[in-house]
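Participant: I'd like to ask some things about the structure below.
The values are calculated or read from the model by the stated rules, or taken from the named source; none is laboratory data. From a predicted model like this one, the values you see are computed outputs, not experimental measurements. Virtual Cβ from ideal backbone geometry, glycine too; neighbours counted across all protein chains shown. Ligands, DNA and RNA are excluded from the accessible area calculation, which covers all protein heavy atoms including side chains. Shrake-Rupley method; radii C 1.70, N 1.55, O 1.52, S 1.80 Å.
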Amino acid sequence: MRAALLAGFMLLVGGAGQAQGLDARWGLRWGQSPEEVRTQVSTWRELSASGDMARFIVTSSRVRHPAFPMQVLGFRQGRLVEVRSISKLFTDDPEGREGKLAHFGLGLPLQARYGQPSKIYEETLPPDRQPAEGFYACLQTDGCGLWARTWEHAEAYVVLELKPGQVPRSGWLVLHAMEPAAR
């Protein structure tokens, strides 16, 4: 199971990284208008709008990957500047093993594409000092832990973070890419 998960994430990012131009992930390009993106997205709805920024949640699309069933697209002044890809939930994973393996597996092809991470935060308190609910509860607790990598690249600012789920002992990966000028 773990080997299949790791292989799936390796293929996921490796294949997604071959797009032409300054791609925003999954075949989208920075600067596309909502109308241009709409031709690639089957179902989306507005998630929020504030000032010159609008975010849409994509629920059905030909540009998403099965390992990341949810996408949130951000448009500033009518231009695509942000893509958040959210993985399936890792459940019954109190020590975060599945989540950490997926984080590592996705980090490798990102590193191959963008180089060494600018910053790596892969630390938690020792298990005996973590909340009783385990690893993901620690990620929710100030000063307990953070599991993320960032890349500052000419093509994109990318953050890969393991986040706690709303269900105890669960979490998911968030792959957040931003157009460098939008940071």
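Participant: Among (1) at pLDDT 90 or above; (2) open to solvent by less than 20 Å² (accessible area, probe 1.4 Å), which single condition is GLU36 missing?
Facilitator: (2)
Participant: Still on this structure: Checking GLU133 against (1) open to solvent by 40 Å² or more (accessible area, probe 1.4 Å); (2) closer than 30 Å to GLU46 by Cα; (3) among the acidic types (Asp, Glu): exactly one of these is not met. Which one?
Facilitator: Of the numbered conditions (1) open to solvent by 40 Å² or more (accessible area, probe 1.4 Å); (2) closer than 30 Å to GLU46 by Cα; (3) among the acidic types (Asp, Glu), the odd one out for GLU133 is (2).
Participant: Moving to a separate point now. Please verify whether the range 139-152 includes one or more residues that are over 14 Å from the mean Cα position of the chain (by Cα), more than 18 Å from LEU175 (Cβ to Cβ), open to solvent by less than 30 Å² (accessible area, probe 1.4 Å) and not β-branched (Val, Ile, Thr).
Facilitator: Yes.
Participant: Starting from the range 153-181, take each residue that is under 17 Å from TYR114 (Cα atoms) and list its partners that are aromatic (Phe, Trp, Tyr) and in a strand (DSSP E or B), counting only C-beta distances under 6 angstrom and pairs at least six apart or across chains.
Facilitator: VAL158/TRP151; MET178/TYR157; PRO180/TYR157
Participant: Every residue in the range 128-152 that is of a type outside the set (A, V, I, L, M, F, W, C) and in a strand (DSSP E or B), please.
Facilitator: GLY145, ARG149, THR150, GLU152
Participant: Another question about this same structure. Looking at the range 108-119, which of its residues are open to solvent by 50 Å² or more (accessible area, probe 1.4 Å), modelled with pLDDT under 95 and not small (Gly, Ala, Ser)?
Facilitator: LEU108, GLN111, ARG113
Participant: Here is a follow-up. Take the residues in the range 50-107 that are part of a loop (DSSP other than H, G, I, E, B) and within 20 Å of VAL159 (Cβ to Cβ); name whichever of them is most open to solvent (accessible area, probe 1.4 Å).
Facilitator: Only one residue fits best here, namely LYS88.
Participant: Another one. Would you call ALA54 at negative phi and in contact (Cβ under 8 Å) with a residue 60 or more places away in the chain?
Facilitator: So ALA54 does not fit the description; no.
Participant: Let me ask something else about it. In the set GLU155, GLU161, which member is part of a strand (DSSP E or B), open to solvent by 10 Å² or more (accessible area, probe 1.4 Å), among the acidic types (Asp, Glu) and closer than 21 Å to LEU73 by Cα?
Facilitator: Of the residues listed, the single one that is part of a strand (DSSP E or B), open to solvent by 10 Å² or more (accessible area, probe 1.4 Å), among the acidic types (Asp, Glu) and closer than 21 Å to LEU73 by Cα is GLU161.
Participant: If you go through the range 169-183 one residue at a time, do you hit one that is under 23 Å from MET53 (Cβ atoms), assigned to a loop (DSSP other than H, G, I, E, B) and among the basic types (Lys, Arg)?
Facilitator: yes
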